[in-house]
1. Looking only at segment 14-56, which residues are among the polar types (S, T, N, Q) and not in a helix (DSSP H, G or I)?
Amino acid sequence: MHTNLLWHTVLLAPAAAIRVLFARLLSSRLDMRRTRGVAVVLAVASATVLVIQQFV
């Protein structure tokens, strides 16, 4: 493992922990059906863009 990788991990760990806590607070307020739908649409759109980029 390179020192640079370890340094980036140490720098990003607090942000990841805060993001997890924030997600737990918001999860009870979100409509799961709508959230799942948005996630699927975003995943399909990003996969489509990646496939198109491979052929262009």
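1. Scanning segment 14-56 gives a single hit, 28.
Residues are listed down the side, and each one gets a yes or a no for (1) open to solvent by 90 Å² or more (accessible area, probe 1.4 Å); (2) hydroxyl-bearing (Ser, Thr, Tyr); (3) at pLDDT below 95:
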| residue | (1), (2), (3) |
| --- | --- |
| 1 | yes, no, yes |
| 4 | yes, no, yes |
| 10 | no, no, yes |
| 18 | yes, no, no |
| 22 | yes, no, yes |
| 25 | yes, no, yes |
| 38 | no, no, no |
| 42 | yes, no, no |
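The values are calculated or read from the model by the stated rules, or taken from the named source; none is laboratory data. Remember, it's a predicted structure, so these values are computed and weren't measured experimentally. In case anyone asks, the SASA skips ligands and DNA or RNA and just uses the protein heavy atoms, side chains included. Shrake-Rupley method; radii C 1.70, N 1.55, O 1.52, S 1.80 Å.
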